[in-house]
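All of the numbers you see were taken from the coordinates with simple rules; none came from a lab. Being a predicted model, the structure only gives us computed values, none of them experimental. Note: ideal-geometry Cβ built from the backbone for every residue, glycine included; neighbour counts use all protein chains shown.
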Amino acid sequence: MNIILFGPPGVGKGTQGIRLSEKFFIVHLAMGDLLRAAVKEKTELGVQAKSYMDAGKLVPDLLVMGMIEERITASDASNGFLLDGFPRNVAQATALNQMLTEHALNIDHVIFMEAEESCLIERLSGRLICKGCGFGFHRHYSPPKNDGLCDRCGSELYQREDDREDVIEQRLQVYLKETQPLLEFYSDVDVFSKVNAMKSMDDVFHALEKTVQG
Ligand code: AP5
């Protein structure tokens, strides 16, 4: 099964993407995580991507397209994949369609997660990420059991560079201009659905699960 999960920054794509991919035994391909790993490893792509990410802008399409093609055709994606944070604009969505055709792959669900801007800002500004395993927490909504430490692996938690107030504002602007038009792009696709993400994490998960199970 192949799924596209999209929506604004902080809506919960990563949180739900992990749960859904575990539930349906598919690989979770989070473009932001792939890019942050490249930045950490200081690969050529990572070095080029860093300045865009720190400024809350999209990394150029050419850089991300190759990464996605490699991952959706890798052996660990043979049971399916969940794309989180890709595509992010109409050019990427168009290129993805072409790529899927070339590899004889289909998308089974395109799901848009929606929430109001005030909710997104609250979620992003309170987010904490594990330095070790990358698992996400929230200061108020899903605090770690031990202050500043990951429940899963015990590593230190940190705030993402792009979760600063000024960068959040820029990311929301970029979302409106670049990513929101995907709603129209996918609106006439018969596997398209919307899920209200302004509920508890469990309620959102159950709504997504129901959408996927049909
Ligand atoms: P990326 O990492 O993809 O960032 P994003 O899309 O802005 O999304 P986030 O990861 O910030 O949020 P999320 O929706 O995953 O929310 P989460 O589950 O963490 O991309 C980062 C950068 O990489 C981009 O700015 C760009 O530069 C670059 N990039 C990425 N993809 C690209 C592409 N395709 N092309 C070009 N450039 C690209 O949840 C947020 C918080 O809320 C957490 O603390 C969580 O615990 C909490 N939370 C989640 N759900 C709930 C709930 N239901 N109730 C209460 N709290 C909740």
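A few points about this structure:
- Sequence of Asp163, Asp54 once ranked by neighbouring C-beta atoms within 10 Å, starting from the fewest: Asp54, Asp163
- Cα lying deepest toward the dipole's positive end in region 60-214, options Phe135, Pro60, Ala91, charges on Cβ: Phe135
- For the chain, a Gaussian network of Cα nodes joined below 10 Å ranks Gly14, Gly56, Gly136 by mean-square fluctuation, and the top entry is Gly136.
- GluC sites (Glu not before Pro) restricted to region 50-135 and DSSP loop, no more than 15 other C-beta within 10 Å: Glu116
- Annotation for region 74-162: chymotrypsin sites (Phe, Trp or Tyr not before Pro) lying in DSSP loop with at most 15 further Cβ atoms inside 10 Å of their Cβ are Tyr141.
- Phi-based couplings in Hz for region 21-27 (Karplus 6.51, -1.76, 1.60; Gly and Pro marked x): 5, 5, 5, 9, 6, 10, 8
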